[in-house]
Structures are given as structure tokens and as C-alpha cells.
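S.K.: One structure, pasted below without further comment.
The values are calculated or read from the model by the stated rules, or taken from the named source; none is laboratory data. For clarity, every value in this text was computed on a predicted model and none was experimentally measured. Positions of Cβ are generated from backbone atoms using ideal geometry, with glycine treated the same way; all protein chains shown enter the neighbour counts. All accessible areas refer to the heavy atoms of the entire protein, side chains included, with ligands and DNA or RNA removed. Shrake-Rupley method; radii C 1.70, N 1.55, O 1.52, S 1.80 Å.
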Amino acid sequence: MEALLDRLKNAQRDLILDAAKVAMLPPDSMLRRIADLENTIAAVEALIDEQRHARA
């Protein structure tokens with residue numbers, strides 16, 4: 001799960017950096033992908049947290 005979380009965060013960071021290079025507002029599709037990744041990251045973090053609490 002941690003490896004998946006790292007890949008998701010890296011993908012999101014790369015998209016944000018690409019968006020920052022554009023002189024105008026990034027396309028809606030790019031913003032949507034960033035937001036989708038944020039939701040997925042939150043879900044994976046919640047699952048990791050649940051697993052940690054289940055082991056404790």
C-alpha cells in the first residue's frame with residue numbers, strides 16, 4: 001500500500017508541476033486528474049490508517 005501511495009503522490013506532483021509551467025489556467029482535464037488523484041490518495045491513506053489501527 002505504501003508503494004502505491006508513493007506512486008500516486010509522485011504522479012500528482014508531476015501533474016501539478018506540469019500545470020505550473022503553463023502560462024494560463026491548466027485545462028479542466030488536467031485539474032480533474034489532479035483532483036481525482038487527491039481523492040485516491042486520501043482513500044489509500046485512510047486504508048493504510050485502518051490497517052495500522054487493526055494491527056495495534
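S.K.: Do the conditions hold for residue 44, that is, is it of a type in the set (Val, Ile, Thr), at pLDDT below 95 and out of contact with any Pro (no Cβ under 9 Å at 6 or more places or on another chain)? Give the steps one after another, and end with the answer.
M.R.: Values: of a type in the set (Val, Ile, Thr): yes; at pLDDT below 95: no; out of contact with any Pro (no Cβ under 9 Å at 6 or more places or on another chain): yes.
No; evaluated as a whole, the condition is false for this residue.
S.K.: Can you spot a residue in the range 2-13 that is touching a Pro at 6+ places or on another chain (Cβ under 9 Å), among the small types (Gly, Ala, Ser), surrounded by 11 or more Cβ atoms within 10 Å (Cβ to Cβ) and part of a helix (DSSP H, G or I)?
M.R.: At the first step, the residues of the range 2-13 found to be touching a Pro at 6+ places or on another chain (Cβ under 9 Å) are none.
Checking the range 2-13: not a single residue is touching a Pro at 6+ places or on another chain (Cβ under 9 Å), among the small types (Gly, Ala, Ser), surrounded by 11 or more Cβ atoms within 10 Å (Cβ to Cβ) and part of a helix (DSSP H, G or I).
S.K.: Now a separate question. What single numbered condition from (1) part of a helix (DSSP H, G or I); (2) surrounded by 11 or more Cβ atoms within 10 Å (Cβ to Cβ) fails to hold for residue 26?
M.R.: If we test residue 26 against (1) part of a helix (DSSP H, G or I); (2) surrounded by 11 or more Cβ atoms within 10 Å (Cβ to Cβ), just (1) comes out false.
S.K.: When the range 39-54 is examined, which residues are found to be open to solvent by 90 Å² or more (accessible area, probe 1.4 Å) and under 13 Å from the mean Cα position of the chain (by Cα)? Don't jump to the end; show me each part of the working.
M.R.: Residues of the range 39-54 open to solvent by 90 Å² or more (accessible area, probe 1.4 Å): 39, 50, 52-53.
Hit for the range 39-54 is 39, nothing else.
S.K.: Another one. Of the numbered conditions (1) in contact with an Asp or Glu (Cβ under 8 Å, 6 or more places away or on another chain); (2) without any contact (Cβ under 8 Å) to a residue 24 or more places away in the chain, residue 35 satisfies every one except a single condition; which is it?
M.R.: The one condition residue 35 does not meet is (1).
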